[in-house]
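All remarks here apply to the structure that follows.
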């Protein structure tokens, strides 16, 4: 029996509960909450009462449902995450890494990897992907660079990479996994933006079937689930112990997991794996590809279309920064993008992207390019652009976490040790991490601020 069917059956039992949560399954709902969420949402919210299961040690309906999900994804084990992919990445790091273990990390990782470094005490070795200045994005990591780094550091235990990138660029994970296995290194793939790949081959190839040991996916990014629904998968081929993953998750996950979120995770997977769901996904891919073909025919508009997931539509307009295009879309057309940089704009597509929305963005971009639409109320010409540089790690993040710091004027920060985690969000890729040396490129990028925290 699944979580959904179990709760549907339990509701009919009319059991009287003197337990948490105190809303009593909707007997009380704050008026504003009732207007926004409705009472039915609350009727599915339970604690770990008699007959229910426990996410921290699933043996009943949660275990059964997770096992069914593992079959869908082709995993040895699948874990439901009610605290987003962030919790999955941190748990995976806690499972594999001990204090002072070396971990190879692609620098276009999410900030959650930094959190994992603090909690594990691991030593980061950074691999820099190529930065595409024409689009303002990181490209996938260089395979030769990965192997060279592993050759030089035979004691690396784990490699962490992002696939697809925030903008949808894809890496040959099979090739990366082959390199990792050659040197006895585990492979963790942050596949947060690839949650649809299992259900439509044209989007991308799941890392789980390309040799990754651990894969983390976000169901809320493109797959239509609620924030922050996510999954952690263990490969059938990995020797990582599932009980250690559970132990790690329990360390960082609330003891009061949300049953509405668990229901939402199960329901989303059920839909994606159904004929109706696959048909809807095929329609989405068809409509987005049609939009891309139309956009490519518009003068002065470029669409990034090299080895990328089409649900991440990256566009740019000739002689216009991404920031300016973003402002025009927002102010003139009431369209908000997922991300803007100095060159391009990212438009995220998902199961909730209707044909009407696609038509609206097509019309807006067509008008902007053909009519040379400009705006004058915000000048982005002086927005600083970061030139990615090789990080210089003076101290590992766990060593400086609780160390004293002081604020200094930015102009005096050169060669000092940063005590700030600095990034653009989105996409949440670190520019400067506590324990790293501040370089001239950092100071140039941060020129708009007066002070920065440095190690005392």
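When residue 250 is tested against (1) in contact with a helix residue (DSSP H, G or I) (Cβ under 7 Å, 6 or more places away or on another chain); (2) over 26 Å from residue 305 (Cα atoms), just one condition goes unmet, and that condition is (1).
Just to be sure before I move on: is residue 67 surrounded by fewer than 21 Cβ atoms within 10 Å (Cβ to Cβ) and at pLDDT 95 or above in the structure I sent? Judged against the criteria, residue 67 is a match.
Taking the conditions (1) surrounded by fewer than 24 Cβ atoms within 10 Å (Cβ to Cβ); (2) part of a strand (DSSP E or B) in turn, residue 151 satisfies each one other than (2). Of all the numbered requirements in (1) in a helix (DSSP H, G or I); (2) touching a helix residue (DSSP H, G or I) at 6+ places or on another chain (Cβ under 8 Å); (3) farther than 26 Å from residue 111 by Cβ, residue 202 misses one, and that requirement is (1). Residues that are assigned by TED's automatic domain parsing to the domain that holds residue 449, loosely packed, with under 13 Cβ neighbours inside 10 Å and touching a strand residue (DSSP E or B) at 6+ places or on another chain (Cβ under 9 Å): find the strands (runs of 3 or more DSSP E) completely inside the range 311-417 holding 1 or more of those. Of the strands (runs of 3 or more DSSP E) lying wholly inside the range 311-417, those with at least 1 residues that are assigned by TED's automatic domain parsing to the domain that holds residue 449, loosely packed, with under 13 Cβ neighbours inside 10 Å and touching a strand residue (DSSP E or B) at 6+ places or on another chain (Cβ under 9 Å) span 405-409. Considering the range 205-234, and only residues there that are more than 13 Å from the chain's Cα centre (by Cα), surrounded by fewer than 24 Cβ atoms within 10 Å (Cβ to Cβ) and in contact (Cβ under 8 Å) with a residue 40 or more places away in the chain, the residue that is farthest from residue 56 (Cα to Cα) turns out to be 209. All of (1) modelled with pLDDT under 95; (2) under 16 Å from residue 166 (Cβ atoms) hold for residue 314 with one exception: (1).
The condition of being surrounded by 22 or more Cβ atoms within 10 Å (Cβ to Cβ) and either in the same structural domain as residue 140 (by TED's automatic domain parsing) or touching a strand residue (DSSP E or B) at 6+ places or on another chain (Cβ under 8 Å) (or both) does not hold for residue 284.
Being touching a helix residue (DSSP H, G or I) at 6+ places or on another chain (Cβ under 9 Å) and under 30 Å from residue 303 (Cα atoms), is that true of even one residue in the range 401-416? No, that holds for no residue.
Could we say that residue 179 is at pLDDT 95 or above, assigned to a helix (DSSP H, G or I) and either under 17 Å from residue 429 (Cα atoms) or under 14 Å from the mean Cα position of the chain (by Cα) (or both) here? For residue 179, the condition - at pLDDT 95 or above, assigned to a helix (DSSP H, G or I) and either under 17 Å from residue 429 (Cα atoms) or under 14 Å from the mean Cα position of the chain (by Cα) (or both) - is not met.
The values are calculated or read from the model by the stated rules, or taken from the named source; none is laboratory data. All values reported here derive from a predicted model rather than from experimental measurement. For neighbour counting, all protein chains shown are included, and Cβ atoms are generated from backbone atoms with ideal geometry for every residue, glycine included.
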